[in-house]
Every structure is written in structure tokens, then in C-alpha cells.
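Since the structure comes first, as C-alpha cells, the remarks are kept for the end.
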Amino acid sequence: MKKLFCLLFLLPLLAACSDSAIDAKPLSAEAIHEHDRCHLCGMMITKYPGPKGQVHLKGQSIVPKFCSTRDMFNFSLQAENKRQIEALFVHDLAVTDWAAPTDNAFIDATQAWYVYGTSKKAVMGPAVASFKSQDDAVKFATEFGGAVFSYEQIDIALLAGE
């Protein structure tokens, strides 16, 4: 009887060590392919210049990708989407070309710095240029205009031009 009691006591502890806890690994950005379309507007992602973005959603295998960081923010800042986000990635424009950003330049969007209101052309509307370091963002803003923002400062009101 003692063995059965011990087994029943240990069973919940074993369940707590499920495969999901053991197999947890950090998420990384996925490649953007030539025919991938923007999750928000449907445009071909690689056809246009400027930084791109992607969002990893909890429990989903499909990763929404975006033709611009602006579209990524417009999606991710919506209340119904915000609570489902597991990770966000954007291009570090200090290490990749504006005209054709490369997949090896993705960084964690929550740690990035952004320049909004730049003269550089992006897909639709004002660009939200992304950088790993604040210094690179400031340098870019000095050269091409715009204001520097942290991830937490980007909101719907800013993107709407309010």
C-alpha cells in the first residue's frame, strides 16, 4: 500500500516534467522565401525594400511574416494578437542592405531600436527602420531623418501619425 501511495504522490511531479519543458528551445527567425506573402496586406515580401518582420505565435507552426516592420507592428499591437505572441523578429539594418535585407540579419524585435519618420522608402507608408543598437539607430536618423524609439515606445497612435 505504501508503494501505491508513493506512486500516486510522485505521478503529478512526473507530469510536471513533460516533454514540452524538456524540449523547450529558443525560437529563431525563419527564412523569408521569394514567394512568401505579407500576412497583413498580402504583398510579396521580398519584392520591396526595407526591413521585414515576423511573429511566432504560441502553439502555432505557421509563422506570420510581414513585408515591413510597420505591418508587423500593426498586427502585433492588436489586442487579440498581442496575447498570443511568443517571439518577434526584425532585420538589423546596420548589418544588412535596405534594398534587400537578408535572413541572417534578424534580431529580437523586443530588444531592437527603431527609427520612425525616415526619408528612406519602404513598402507602404512610413518606414519603421530597425536596429540592434541605439547608436546605429541614432546614426541612421541623423543621416536619413526620423526619431529614435525603443520597442516599448512603438504603439498604434505613433503608426497612425497621431
- Item | Single match in Ala94, Ala99, Ala127, Ala79 (criterion: over 19 Å from Met44 (Cα atoms) and out of contact with any Asp or Glu (no Cβ under 8 Å at 6 or more places or on another chain)) | Ala79
- Message: Out of everything in region 52-86 that is touching a helix residue (DSSP H, G or I) at 6+ places or on another chain (Cβ under 9 Å) and of a type in the set (Lys, Arg), what residue ends up being farthest from Thr102 (Cα to Cα)?
- Response: Lys82
- Item | When residues of region 139-162 are limited to those that are at pLDDT 95 or above and among the charged types (D, E, K, R), the one farthest from the chain's Cα centre (by Cα) | Glu143
- Message: Restricting to region 110-152, give me the number of residues that are without any contact (Cβ under 8 Å) to a residue 24 or more places away in the chain, among the polar types (S, T, N, Q) and within 24 Å of Ser28 (Cα to Cα).
- Response: 1
- Note on the structure: Residue hits (region 93-130; part of a loop (DSSP other than H, G, I, E, B) and among the hydroxyl-bearing types (Ser, Thr, Tyr)) are Thr96, Thr102, Thr118, Ser119
- Residue check, Asn104 open to solvent by 20 Å² or more (accessible area, probe 1.4 Å) and either more than 15 Å from Leu40 (Cα to Cα) or in contact with a strand residue (DSSP E or B) (Cβ under 6 Å, 6 or more places away or on another chain) (or both): yes
- A careful count of residues in region 64-92 that are assigned to a loop (DSSP other than H, G, I, E, B) and open to solvent by 20 Å² or more (accessible area, probe 1.4 Å) gives 4
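The values are calculated or read from the model by the stated rules, or taken from the named source; none is laboratory data. Quick caveat: nothing in here was measured; it's all calculated off a predicted structure. Glycine gets a Cβ as well: all are built from the backbone with ideal geometry, and neighbour counts include every protein chain shown. Each accessible area value is taken on the protein alone, full model and side chains, heavy atoms only, with ligands, DNA and RNA left out. Shrake-Rupley method; radii C 1.70, N 1.55, O 1.52, S 1.80 Å.
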